[in-house]
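The values are calculated or read from the model by the stated rules, or taken from the named source; none is laboratory data. This is a predicted model, so every value here is computed, not measured. In this analysis, Cβ positions are derived from the backbone assuming ideal geometry, glycine residues included, and neighbour counts consider all displayed protein chains. In case anyone asks, the SASA skips ligands and DNA or RNA and just uses the protein heavy atoms, side chains included. Shrake-Rupley method; radii C 1.70, N 1.55, O 1.52, S 1.80 Å.
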Amino acid sequence: MRRLLDPRASLALALASPARAGDDDDTPLQPLVPELADHPYHLEPGVHPYEHRLAFSPAFGFLGSERLFAVRVEYSPTPWLAYEGSIAHNPGRSVHAVLHTFTANLRRPMPGRFQPFVSGGYGMILVFPGLASNADPVTKNALTIGGGMELFIRNDLALRADLKHATVLGRQGDHDGIVAYNYLQETIGFSFCRTIKP
């Protein structure tokens, strides 16, 4: 006959077994950014600091009526001027395009969460035909002008919206000279910011 385990031995085994993670763990969680632990949505008082700021901004939007996915990197050598490089993909139906631009953003930093800016830039757009076509990719010059708004959630994170007018310059088979194609470019995304000490 199987021998029954003494109840006192069962209790000793239960007490000796390792506790589950988090049951009696008194170790507090450590925040990734310690200075934001008590006030995660706090902004520093005064004019928003832009000088020597590096920002990375993924975005989604539209170029004309087609979807647009963009990634931008911006650096501000001064409080009012920033240089920005971006690359965007427009996955169209019959063709798709890649737009890369170099832009100058001008702003007047203000106190508060809302920070508007104006921008103008130059770039190139590469238009790739679909699989049904045997044509080669086409490269065209592009000019952009417009502006946007940053809504700061905290000092290192903002919601960014851009509205730009894009003019693509190229040639058309039955026309002489340069033909301009105009598109409205709308994007919205997040801007992750960090100040780089000089």
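Every test in (1) in contact with a strand residue (DSSP E or B) (Cβ under 6 Å, 6 or more places away or on another chain); (2) farther than 18 Å from residue 69 by Cα; (3) open to solvent by 40 Å² or more (accessible area, probe 1.4 Å) is passed by residue 150 save one, and that test is (3). Residues that are assigned to a loop (DSSP other than H, G, I, E, B) and either open to solvent by 40 Å² or more (accessible area, probe 1.4 Å) or farther than 14 Å from residue 146 by Cβ (or both) within the stretch 78-110 comprise 78, 79, 80, 91, 92, 93, 94, 108, 109, 110, listed in sequence order. When residue 43 is tested against (1) open to solvent by less than 80 Å² (accessible area, probe 1.4 Å); (2) at pLDDT below 60; (3) not β-branched (Val, Ile, Thr), only condition (2) is not met.
Each residue in the stretch 154-182 was checked for being closer than 25 Å to residue 115 by Cα and open to solvent by 70 Å² or more (accessible area, probe 1.4 Å), and 2 of them qualify.
Since residue 113 meets every condition but one in (1) open to solvent by 40 Å² or more (accessible area, probe 1.4 Å); (2) within 21 Å of the chain's Cα centre (by Cα); (3) under 30 Å from residue 171 (Cα atoms), which condition does it not meet? Against the list (1) open to solvent by 40 Å² or more (accessible area, probe 1.4 Å); (2) within 21 Å of the chain's Cα centre (by Cα); (3) under 30 Å from residue 171 (Cα atoms), residue 113 comes up short only on (3).
The conditions of being of a type outside the set (Phe, Trp, Tyr) and either in a strand (DSSP E or B) or farther than 29 Å from residue 52 by Cα (or both) are met by residue 72.
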